[in-house]
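One structure below.
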Amino acid sequence: MAAGAAFAYVGAVDPNEPGHYPACPVRSLLGLDCPACGGLRGAHALVHGEPLAALSANALAVLAFAGFALWCLVWLAGAVRGRPGPPSLGGAGRSRAWLVGVAGVAVLAFTVVRNLPLGAALGT
């Protein structure tokens, strides 16, 4: 519910207009794009039905939004079928450390590549 409210707010209040949201401290201090830079613009574009614009704002954020939406749909489907509780990402008895490690490496790689000239397509 909170994610839906956040998307509704970002859809209504355009992050492309200055003064509505705080500036990214990483970009302000270092001049580099952090992994989240462009995420609000991407969310705004998705709310307005512009997936290509969303991908060009921050491709990783769009993938994260899609993954979260899928996870929520699986949770809802489970609840409808009588299985309350969030779906497990690691399975019974398996560690989720590999998932955290893979996600961390992906975010780090995305951050490095997007700040290189060849990564300009990943969003700004």
ask   = Can we say VAL62 is open to solvent by 80 Å² or more (accessible area, probe 1.4 Å) and of a type in the set (Val, Ile, Thr)?
value = no
query = Restricting the range 111-120 to residues that are open to solvent by 60 Å² or more (accessible area, probe 1.4 Å) and either outside any helix (DSSP H, G or I) or farther than 24 Å from HIS44 by Cα (or both), which is modelled with the lowest pLDDT?
reply = LEU118
The range 47-59 - residue that is closer than 22 Å to VAL113 by Cβ and open to solvent by 50 Å² or more (accessible area, probe 1.4 Å) and, of those, nearest to the chain's Cα centre (by Cα) = LEU55
ask   = Taking the range 3-36, which residues are in contact with a Leu (Cβ under 9 Å, 6 or more places away or on another chain), assigned to a loop (DSSP other than H, G, I, E, B) and of a type in the set (Gly, Ala, Ser)?
value = ALA36
task = Would you mind finding the one in LEU108, LEU70, LEU89, LEU76 that is open to solvent by 60 Å² or more (accessible area, probe 1.4 Å), out of contact with any strand residue (DSSP E or B) (no Cβ under 9 Å at 6 or more places or on another chain), modelled with pLDDT of 95 or more and closer than 29 Å to ALA5 by Cα?
result = LEU108
Counted residues, the range 1-49 - those being within 20 Å of TRP71 (Cα to Cα), in contact (Cβ under 8 Å) with a residue 24 or more places away in the chain and not small (Gly, Ala, Ser) = 3
remark   = Residues of the range 19-45 being at negative phi and open to solvent by 60 Å² or more (accessible area, probe 1.4 Å), in sequence order, are HIS20, PRO22, ALA23, PRO25, ARG27, SER28, LEU29, LEU30, LEU32, ALA36, LEU40, ARG41
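The values are calculated or read from the model by the stated rules, or taken from the named source; none is laboratory data. What you see is a predicted model, and the numbers here were worked out from it, not measured in a lab. Note that each Cβ is placed from the backbone with ideal geometry, even for glycine, and that neighbours are counted across all protein chains shown. These accessible areas exclude ligands, DNA and RNA; they are computed on the full protein's heavy atoms, side chains included. Shrake-Rupley method; radii C 1.70, N 1.55, O 1.52, S 1.80 Å.
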